[in-house]
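Okay, structure first, notes after.
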């Protein structure tokens, strides 16, 4: 029990950046926290922290302990919580990361209701378009959109991610409306620049389901979906967008579908978690809640 507690203290020090902050968060004195960290280092026979005048940094051995020990602490806390509350309560701190646009539009508005359902719970929400290392960064859960490529994680599909080619009426009046995928090469296309580079190879499907690849180009590219949406509305070209991102623009007429008879492959919206033998109740409750709110008929598909 002491070692689990000392390990949890060590992880809190890394998360908060100082022994005093970690001690306050655990209702300990800084002196007691320092003694427990020294005890942990002595038990393991290695230094875990580099102490500088401004901040603490993990040693290589400390990083290994943090990476492998965080899941152990979470599993122990989940087990202890389940034993104390017979699995009926949702408590502790839920750490969630999501893409900036989707998180702001669809996750953040749901949090007041979820917190009202679980008064003993705290939520820490991180909005970032970068793909975050869940284990190394201490997150319980990520909301990810599109193809999943990390086999060390487990995922639950929350909703479909339908995508559409679209452009503003002003652009289409000026440049004309493409009739076939091949016509896209003569148009300005607005490009997403992601972790895999510039996404300028667009894949559509014909009436028989066969894939058609078109290499496109344009005058504007960006790594942030909001800027791509703004560019499309401002007549800068044709873009690929998820329906959840532009459904209001499509309904209002600010954007028009392009080549709707040549659909883009549908992907998914997922709740992604580190592999654990026992998922903390706070995590499973939130995933169930999201699946119910975003599932069979997501908000962006209604009406």
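A short reminder: the numbers here are calculations on the coordinates, not readings from a lab. Computed from a predicted model, the values in this text were never measured in an experiment. Note: ideal-geometry Cβ built from the backbone for every residue, glycine included; neighbour counts use all protein chains shown.
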Once the piece of chain linking residue 147 and residue 230 is laid out straight, how much longer is it, given 0.36 nm per residue of separation minus the C-alpha distance between them? 27.4 nm
Per the 1/(1 + (r/R0)^6) rule, R0 = 25 Å and r from the Cβ atoms of residue 251 and residue 115, FRET efficiency to 0.05 is 0.25
Suppose each label sits 7 Å from its Cα in the direction of the beta carbon; what would the residue 137-residue 207 distance come out to in nanometres? 4.6
Relative contact order in percent for the chain (Cα pairs under 8 Å, 6+ apart) equals 21
Over the range 1-74, relative contact order from alpha-carbon pairs under 8 Å, at least 6 apart, %: 30
Order of 95, 254, 70 - criterion: other Cβ atoms within 10 Å of each residue's Cβ, fewest first: 254, 95, 70
Okay, which of the range 87-123 sit inside 20 Å, backbone N to the point 7 Å along the Cα-Cβ direction of residue 302? 102-117
Is the C-alpha gyration tensor of the range 163-265 telling us rounded, prolate or oblate? Criteria: a/c under 1.5 is rounded; beyond that, a/b larger than b/c is prolate, otherwise oblate. rounded
Describe numerically, in nm with one decimal, the distance between label points set 7 Å from Cα along Cα→Cβ at residue 222 and at residue 155. 2.6
The range 239-303: C-alpha gyration tensor shape, a/c 1.5 cut-off, then a/b vs b/c: prolate
Pairing the Cα long axis of helix 60-85 with the longest principal axis of the chain, what angle in degrees results, from 0 to 90 and rounded to the nearest 10? 80
Sorted by Cβ density within 10 Å, fewest first, the residues 39, 293: 39, 293
Length gained when the stretch residue 93-residue 198 is fully extended (0.36 nm per residue, less Cα-Cα span): 34.1 nm
The chain - mean residue ellipticity at 222 nm from DSSP helices (-39,500 (n - 2.57) per run, n ≥ 4, rounded to 500): -11500 deg cm²/dmol
Report which label in [x] 19.2; [y] 16.9; [z] 15.9 holds the value of mean projected area of the Cα convex hull in nm² derived from the coordinates of this structure. [x]
Value of relative contact order over the range 163-265, rounded to a whole percent, pairs C-alpha under 8 Å and six or more apart: 45
Per-residue Cβ neighbour rank within 10 angstrom, fewest leading, 222, 189, 166: 222, 189, 166
Which shape class applies to the range 1-87: rounded if a/c is under 1.5, otherwise prolate when a/b exceeds b/c and oblate if not, where a ≥ b ≥ c are the square roots of the Cα gyration tensor eigenvalues? prolate
